[in-house]
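This report concerns only the one structure given below.
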């Protein structure tokens with residue numbers, strides 16, 4: 001707003017800015033929105049929604065790779081807990097036999 005009023009508003013011309021805009025538009029908007037819909041066609045909502053818990057470990061690895069963030073041992077412990085939770089949530093329920101009265 002201040003740039004528009006002051007006359008200093010300009011469109012960035014650096015390629016890195018436009019790569020970031022395309023990345024955020026294509027990946028974050030379209031792919032991240034459409035993948036859950038496709039997964040719902042292949043599996044139940046409970047099994048698909050358990051995959052949401054993979055977001056923090058993936059973000060952690062991405063930050064370590066892109067920005068050189070250090071990964072502590074407690075982080076590895078957290079990833080193990082998340083992985084175990086996903087494994088438990090994605091197991092198929094065993095049918096419970098009905099009691100005969």
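The values are calculated or read from the model by the stated rules, or taken from the named source; none is laboratory data. Every value quoted in this text rests on a predicted model; they were computed, and no experiment measured them. No Cβ is skipped: glycine too gets one built from the backbone with ideal geometry, and neighbour counts run over all protein chains shown.
Key figures for this structure:
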quantity: Which numbered condition residue 69 fails, given (1) assigned by TED's automatic domain parsing to the domain that holds residue 89; (2) over 16 Å from the mean Cα position of the chain (by Cα); (3) surrounded by fewer than 11 Cβ atoms within 10 Å (Cβ to Cβ); calculated: (3)
quantity: Residue 39, sole failed condition from (1) at pLDDT below 85; (2) within 19 Å of residue 88 (Cα to Cα); calculated: (1)
quantity: The listed residue being surrounded by 13 or more Cβ atoms within 10 Å (Cβ to Cβ) and at pLDDT below 85, out of 50, 99; calculated: 50
quantity: Subset tally (residues that are surrounded by 11 or more Cβ atoms within 10 Å (Cβ to Cβ), farther than 17 Å from residue 58 by Cβ and within 14 Å of the chain's Cα centre (by Cα)) for region 20-45; calculated: 0
